[in-house]
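Down below is the structure, laid out as structure tokens.
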Amino acid sequence: MKKESITRISLSIAKKLKDLSDWEKVEAMSDDEALANALDDPDNQPLTYPMSKDVKPFKRIKR
């Protein structure tokens, strides 16, 4: 994992930040492409079943 410092910010400041995610690219990716990308990134490994069984889904809020 990369060694970086973590800076806490308030929700009001976070809401003003620009979203740098390329959602069109993400949504155009196949599941296999997304999995391959995750496996190539040591900081973004996919969850295993034991890890994922406790994850609760959330709704993506469109702005």
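The values are calculated or read from the model by the stated rules, or taken from the named source; none is laboratory data. Only a predicted model underlies this, so the values are computations on that prediction, with no experimental measurement involved. Backbone-built Cβ (ideal geometry, glycine too); neighbour counts: all protein chains shown.
Summary of values
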{"item": "Residue check, Ala14 surrounded by fewer than 10 Cβ atoms within 10 Å (Cβ to Cβ) and not in a loop (DSSP other than H, G, I, E, B)", "result": "yes"}
{"item": "Count of region 7-47 residues which are β-branched (Val, Ile, Thr) and within 16 Å of the chain's Cα centre (by Cα)", "result": "1"}
{"item": "Search result, residues across region 17-52 that are surrounded by fewer than 10 Cβ atoms within 10 Å (Cβ to Cβ), more than 26 Å from Lys62 (Cβ to Cβ) and modelled with pLDDT under 90", "result": "Pro42, Asp43, Thr48, Tyr49, Pro50"}
